[in-house]
Amino acid sequence: LSHYNAATRNRHLFLGTVPMTSLPLEIQAQPLLVSDGGSWGHRPGHLTVPAPSTDIEFQPAAFSDLGIGGRDILFWLVQTPNNAARYEVQRQLMEFRDLGMTDDDLSLFGVKASSIHVASTGRVVDWSKGFESYGTSRPSLAMSIQEMMRALFCPAPPAETSGGLMRLFDVIRAGCVPVVVAFETPWGSGVSWWRRGGVPVEWSLPFSWEIDWRR
């Protein structure tokens, strides 16, 4: 940044083609006009935009919503459980899957979806026992998208990077209902979907003055 200094910083417009967390710290510290992540401050001055997607299946001309009646997966989650929140979400889903679902249980949801798809990928840490292992191979992107489009509920637990935000928007694009983890935070509305004491929901998602993301 040879042309950037304290005297010229108000003359620059930075266009980051990578997530906020991958930008240089001196760029992250600036009052960005557009970003795909959270910003500290009430009603931040920049515009938060949805994480982009180039997947053909998510483009308007190709997307086909199966509707609730056509979805045969109740819960879908493929992830690396590399933090405590992700591990706990996966553990509870696997316990729920092992209990089995009856027709009476499904009638509570008003759907025919019966299967629960849960898969661990990459480095897996058992937070209750303190050991590591390696999960299954990650399904192809096309298969993941197809399964999300067949699912009714898709957990979107927090990630260590902006990958959690990307997962949230992919779930919404697939027509699946996102399931998030609510953390307490002293900022804004008092609820963060990313970590305890983290950026509140309304500061980290686009058009929050018109869209109530918590409804």
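Since every read-out is calculated from the coordinates, none of them should be taken as a lab result. Model, not experiment: these values are computed from the prediction. Cβ sites come from the backbone with ideal geometry, for glycine too, and all protein chains shown count toward neighbours.
Once both labels are modelled 7 Å past Cα along the beta-carbon direction, what's the Ala61-Ala182 spacing in nm?
4.1 nm
Ranking request for peptides 203-212, 56-65: highest mean number of other beta-carbon atoms within 10 Å first, then the rest in descending order.
Averaged packing, sorted descending, gives the order 203-212, 56-65.
What is the dipole size for region 136-215, taken about its Cα centre, with +1 at each Lys and Arg Cβ and -1 at each Asp and Glu Cβ, in debye to the nearest 20?
200 debye
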